[in-house]
Amino acid sequence: MATLKELRDERLRKLEELKALGVAAYPAKAHRTHTTSEVADNFDRLEGQTVTVAGRIMAIRKFGKLAFIVVRDQTGQVQLFLRTGDVAELEADKGILGIEQLPLLDVGDFVEGTGEVIRTKTGEVSVGIKTLRLLTKSLRQLPVELTNKEERLRRRYVDMNVNPEVRQRFERRSKFWRATREFLQNEGFVEVNNTVLENTAGGADANPFVTHMDALDEDFYLRISHELPLKRLLVAGFEKVFDLGARFRNENYTEEHLPEHNAMEWYWAYADWEMGMEMTERMIRYLADQTWGTRQFTLTNGQEIDFGADDEHFPRISFVAVLKEQYGINVFESSIEDIAAKLKEHGLEVEKQDNRIRGLDKLWKKYRKTLAGPAFLIDIPTFMQPLAKNQTANPELTEQFNLVFGGSEMCKAFSELNDPVDQYNRFVEQQQLRDSGDDEAQMMDIDYVEALEYGMPPACGLGYSERVFWSLEGITAREGVPFPQLRSEVDETTKSLYPEAKL
């Protein structure tokens, strides 16, 4: 079997031969009039008409005076039918190749074919080629199959060619975020894209990435949340606002999390958590309808979920009740020692820097894995949520709800805290946790406290990441983004092919 270098050298030889003929192997302009699917799906309308299609060569066959080339574009594929005498001869200055130059083409090259829409004797819809142009000469051969996970993630552009369903997944990912925008805009929300670099990383419990801005000679954080800038916009007079884009959390890879991922948050003035829950039910159903065309899903863990009919409401689960019923833990009175004992009893790790909040959260997450959902988690204690309002009937609990399905919390939302004094005191408590070693506790943000002192209306806010998409798509986090971060690695063959690069 020929090596990669030998195959590449042969393609380089063909490239040089094309150049010697005067053919531009990488022209700037294409003249496509129809996609391959338009031709394949509309034969009755297009039969006999002249079309120009373009795409990547997936197969080439030559039988005497006849040749067949299968080309594929994003929409599908179609056959090009070439017959000696019908196909124009070489016109190098126009990039036109004759049948005699077919041996200079390879699977993987991009070509453009112009001719009449016909049906061959075997009944296959084809383009009877009059002129054939080379658009791109490929130097590496696409593999027939690609199953190695590491290789697939490192060369996703190859993965998507060999496994078209992977590319189709990212088309659905695009639909998912488009549907998010459509829903919110139809509800009257305005999209405002805020800065990614922040003086203070706030709005979530996460360890931030740090970078340095030379222009100001100061360190900045890559945002871990969209929250606080959006709530500043409520102070500024916006009433319905959202932001959609990347956020960064300097944490380990898991099946559900990536250090960099897309997320969306919305904030709605004069709304509370009850209104937020009602809109969340409508929103998740809209996303399911628009992205997958169904509200019923079977997840990778085997759980089945159904987002139900429009008039149905998701059940509610109390955080306080779960900890009491499942572990015998009173979230307000149990000591860190009691919580640590329960962690050990249930096989959960106890770390030196664990505090009551982290311990309670670990216990909840173990139970959460059993929940198919959808359901709303409620009754989050005030000491666990520094940015939410308290419940009027029970000030020890917040007006927070988390959408739970597939054993995970997919959306977090609450009635926003807008009391600047209360907010400052909660930041102080969070800072004390940071000082004691909790790197994920929230930072003091004095500017945000000052903004609240000017007055922010009562509001509800919600955020979710593309983990919602990954879960319903039935894939892991790294499978859910086109080009996930991996440790830098260059194989020996590549090093030998590019010696000047000093890889």
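The values are calculated or read from the model by the stated rules, or taken from the named source; none is laboratory data. A quick note: this is a predicted structure, and the numbers were derived from the prediction, not measured. When we count neighbours, we look across all protein chains shown, and the Cβ atoms used for this are built from the backbone with ideal geometry, even at glycine.
Just a yes or no: is a residue in segment 211-220 surrounded by 13 or more Cβ atoms within 10 Å (Cβ to Cβ) and either over 17 Å from Asp447 (Cα atoms) or touching a residue at least 24 places away in the same chain (Cβ under 8 Å) (or both)?
Checking segment 211-220: not a single residue is surrounded by 13 or more Cβ atoms within 10 Å (Cβ to Cβ) and either over 17 Å from Asp447 (Cα atoms) or touching a residue at least 24 places away in the same chain (Cβ under 8 Å) (or both).
Among the residues in segment 259-276, are any under 20 Å from Lys412 (Cβ atoms), crowded, with 16+ Cβ neighbours inside 10 Å, charged (D, E, K, R) and out of contact with any Ser or Thr (no Cβ under 9 Å at 6 or more places or on another chain)?
No, segment 259-276 contains no residue that is under 20 Å from Lys412 (Cβ atoms), crowded, with 16+ Cβ neighbours inside 10 Å, charged (D, E, K, R) and out of contact with any Ser or Thr (no Cβ under 9 Å at 6 or more places or on another chain).
Tally the residues that are assigned to a loop (DSSP other than H, G, I, E, B), surrounded by fewer than 19 Cβ atoms within 10 Å (Cβ to Cβ) and on the phi < 0 side of the Ramachandran plot, restricting the search to segment 107-116.
Counting residues in segment 107-116 that are assigned to a loop (DSSP other than H, G, I, E, B), surrounded by fewer than 19 Cβ atoms within 10 Å (Cβ to Cβ) and on the phi < 0 side of the Ramachandran plot gives 1.
Does at least one position in segment 142-153 carry a residue that is in a loop (DSSP other than H, G, I, E, B), touching a Phe, Trp or Tyr at 6+ places or on another chain (Cβ under 7 Å) and not β-branched (Val, Ile, Thr)?
no
Could you tell me whether segment 477-494 includes any residue that is among the hydrophobic types (A, V, I, L, M, F, W, C), surrounded by 14 or more Cβ atoms within 10 Å (Cβ to Cβ), out of contact with any Leu (no Cβ under 9 Å at 6 or more places or on another chain) and under 29 Å from Asn250 (Cβ atoms)?
no
Looking at Arg169, Arg119, Arg156, Arg133, which is the one that is surrounded by fewer than 14 Cβ atoms within 10 Å (Cβ to Cβ), in contact (Cβ under 8 Å) with a residue 60 or more places away in the chain, in contact with a helix residue (DSSP H, G or I) (Cβ under 9 Å, 6 or more places away or on another chain) and at negative phi?
Answer to the selection: Arg119.
Does Leu377 satisfy being modelled with pLDDT of 95 or more, under 23 Å from Arg356 (Cβ atoms) and buried (at least 20 other Cβ atoms within 10 Å of the Cβ)?
Answer is yes for this residue.
Identify the residue in segment 1-28 that is part of a loop (DSSP other than H, G, I, E, B) and not β-branched (Val, Ile, Thr) and, among all such residues, is nearest to Glu91 (Cα to Cα).
Gly22
Write out, first by first residue and then by second, each pair whose Cβ atoms fall under 7 Å of each other, whose residues are 6+ apart or on separate chains, and whose first residue, in segment 369-395, is over 19 Å from Ile329 (Cα atoms) and touching a residue at least 60 places away in the same chain (Cβ under 8 Å) while the second is polar (S, T, N, Q) and not in a strand (DSSP E or B).
Taking only residues 6 or more apart or on different chains, the pairs are Ala372/Gln303.
Scan segment 87-94 and tell me whether some residue there is in contact (Cβ under 8 Å) with a residue 60 or more places away in the chain and out of contact with any strand residue (DSSP E or B) (no Cβ under 7 Å at 6 or more places or on another chain).
Looking for residues that are in contact (Cβ under 8 Å) with a residue 60 or more places away in the chain and out of contact with any strand residue (DSSP E or B) (no Cβ under 7 Å at 6 or more places or on another chain), one finds at least one in segment 87-94, hence yes.
If Arg72 meets every condition in (1) charged (D, E, K, R); (2) part of a helix (DSSP H, G or I); (3) modelled with pLDDT of 95 or more apart from one, which number is that one?
(2)
Restrict the check to segment 223-241 and report whether at least one residue is loosely packed, with under 14 Cβ neighbours inside 10 Å and either more than 21 Å from the chain's Cα centre (by Cα) or not in a loop (DSSP other than H, G, I, E, B) (or both).
For segment 223-241, residues loosely packed, with under 14 Cβ neighbours inside 10 Å and either more than 21 Å from the chain's Cα centre (by Cα) or not in a loop (DSSP other than H, G, I, E, B) (or both): present.
Can you tell me which residues in segment 366-407 are assigned to a helix (DSSP H, G or I) and either over 28 Å from Arg232 (Cα atoms) or in contact with a Leu (Cβ under 6 Å, 6 or more places away or on another chain) (or both)?
Listed by number, the residues that qualify are Lys366, Tyr367, Arg368.
Going through segment 44-69 one residue at a time, which ones are in a helix (DSSP H, G or I) and surrounded by 13 or more Cβ atoms within 10 Å (Cβ to Cβ)?
Leu46
Anything in segment 82-103 that is outside any loop (DSSP other than H, G, I, E, B) and under 13 Å from Ala24 (Cβ atoms)? List them, or say none.
Across segment 82-103, the qualifying residues are Glu91, Ala92, Asp93, Lys94, Ile96, Leu97.
Among the listed residues Gly437, Gly406, identify the single one that is in contact (Cβ under 8 Å) with a residue 24 or more places away in the chain and either in contact with a Gly (Cβ under 7 Å, 6 or more places away or on another chain) or polar (S, T, N, Q) (or both).
Going through Gly437, Gly406 in turn, just one is in contact (Cβ under 8 Å) with a residue 24 or more places away in the chain and either in contact with a Gly (Cβ under 7 Å, 6 or more places away or on another chain) or polar (S, T, N, Q) (or both): Gly406.
Which residues, taken from segment 10-40, are within 37 Å of the chain's Cα centre (by Cα) and free of Cβ contacts under 8 Å to residues at least 24 places away in the same chain?
Ala28, Lys29, Thr33, His34, listed by residue number.
Which condition breaks for Gly406 when tested against (1) closer than 27 Å to Val166 by Cβ; (2) touching a helix residue (DSSP H, G or I) at 6+ places or on another chain (Cβ under 6 Å); (3) exposed (fewer than 14 other Cβ atoms within 10 Å of the Cβ)?
(3)
For (1) under 21 Å from Leu258 (Cα atoms); (2) hydrophobic (A, V, I, L, M, F, W, C); (3) modelled with pLDDT of 95 or more, each residue gets a yes or a no:
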residue: Glu198; (1), (2), (3): yes, no, no
residue: Ala201; (1), (2), (3): yes, yes, no
residue: Asn207; (1), (2), (3): yes, no, no
residue: Leu230; (1), (2), (3): no, yes, yes
residue: Leu234; (1), (2), (3): no, yes, yes
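I want to confirm something. Restricting to segment 242-258 and keeping residues that are under 12 Å from Asn193 (Cα atoms) and free of Cβ contacts under 8 Å to residues at least 60 places away in the same chain, which single residue is surrounded by the most Cβ atoms within 10 Å (Cβ to Cβ)?
Residue satisfying both the conditions and the ranking: Phe242.
Exactly one condition in (1) among the charged types (D, E, K, R); (2) within 28 Å of Tyr286 (Cα to Cα); (3) crowded, with 18+ Cβ neighbours inside 10 Å is not met by Asp205; state its number.
(2)
Quick check: anything in segment 413-426 among the hydrophobic types (A, V, I, L, M, F, W, C), surrounded by 22 or more Cβ atoms within 10 Å (Cβ to Cβ) and free of Cβ contacts under 8 Å to residues at least 60 places away in the same chain?
yes
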